[in-house]
Amino acid sequence: MKQLELYSDISNQDFDKLYPEYIRSLSNIHWTPIEIIEVAIEWLGAYSGANILDIGSGAGKFCIVGGILSNSKFTGIEKRGNLVSEANKLLKNFELNNVRFINANILNSDFRKYDAFYYFNPFCEQIASCQWIDQNISFSKTKYRLYENYVYSQLLKMPLGTRLVTYCSHDFSPPSSYKIKEMMFNGLLVLWIKKTF
Ligand SMILES: C[S@@+](CC[C@H](N)C(=O)[O-])C[C@H]1O[C@@H](n2cnc3c(N)ncnc32)[C@H](O)[C@@H]1O
């Protein structure tokens, strides 16, 4: 079991070294850097006990780092079983009881179970011509729209004050009731809050 305090100021590179090589090699493109996670979780209410959902949690980096830095609950939903296994393997190394991973398609999740949401361009592989995590995703604009529309409709149902963070997700527009509080990191990171119905 690792001592959490040793990891509270771990560098991004050192954190990635905790993963096997094939997961680490995907980090630059697919997993959130720690400096981004630090800002995102603060806006999402991690230091005030929010229940946070990572939409497409990959190898679990966002949730595990969030769980180390705060006492809030983090749930990662990820459709690739092998990534959920890697996330759970790494999770076992830490004494964290505030982080869990669910192997499921986001289409099967009810956002009302959560308070705040993290969205790092989860569906982009569906319409990308390269830089896939693996070859198991079919090119499909229809699926891309289906997933995006599902997230949109779930966000629509959330109460006023719901917080959202999008990262590298210029193509995704949340419902117009969500307003931008701040854009950071050259516009890559956007902090949103639901202000109206
Ligand atoms: C860009 S990665 C982000 C990983 C993680 N959020 C992080 O920041 O480290 C997006 C992830 O979303 C997953 N994903 C894509 N479509 C999904 C869906 N429909 N349901 C659940 N997960 C999905 C992908 O398999 C991928 O692991």
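What follows is calculated from the coordinates using simple rules that are stated; it is not laboratory data. In this text, all values refer to a predicted model and were calculated from it rather than measured experimentally. As a convention, Cβ positions derive from the backbone with ideal geometry for all residues, glycine included, and neighbour counts pool all protein chains shown.
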Under a point spin-label approximation (7 Å from Cα along Cα-to-Cβ), what is the Tyr22-Ile127 distance to one decimal in nm?
2.9
Violations at 24 Å Cα threshold for listed pairs Lys17/Lys143; Lys113/Lys195; Lys89/Lys181; Lys113/Lys194; Lys17/Lys141; Lys157/Lys181 -> Lys17/Lys143; Lys89/Lys181; Lys17/Lys141
Would you kindly derive the ³J(HN,Hα) couplings of the range 137-149 from the backbone phi angles with the Karplus curve 6.51 cos²θ - 1.76 cosθ + 1.60 (θ = phi - 60°), listing them in order in whole Hz, with x for Gly and Pro?
10, 8, 5, 7, 5, 5, 5, 4, 5, 4, 5, 4, 5
Dipole of the range 4-194 [Lys/Arg +1, Asp/Glu -1 at C-beta], most positive-end residue of Leu191, Ile77, Ser8
Ile77
Candidates per trypsin sites (Lys or Arg not before Pro) in the range 164-197, loop by DSSP, up to 14 other Cβ within 10 Å:
Lys195
Each residue of the range 32-42 in turn: what ³J(HN,Hα) in whole Hz from Karplus with 6.51, -1.76, 1.60 and θ = phi - 60°, glycine and Pro shown as x?
5, x, 4, 5, 6, 4, 4, 6, 4, 5, 5
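Please give the charge dipole size of the chain, origin at the Cα centre, charges +1 on K and R Cβ atoms and -1 on D and E Cβ atoms. Round to the nearest 20 debye.
Here the chain has a charge dipole of around 740 debye.
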Can you list, largest first and rounded to whole Å, the semi-axes you get for the range 4-194 by taking the square root of 5 times each eigenvalue of its Cα gyration tensor?
23, 21, 16
Among Gly67, Ala40, Asn105, which residue has its Cα furthest toward the positive end of the charge dipole of the range 36-107, with +1 on Lys/Arg Cβ and -1 on Asp/Glu Cβ?
Asn105
Among DSSP bridges having both ends in the chain, what percentage is antiparallel? Round to the nearest 5.
35
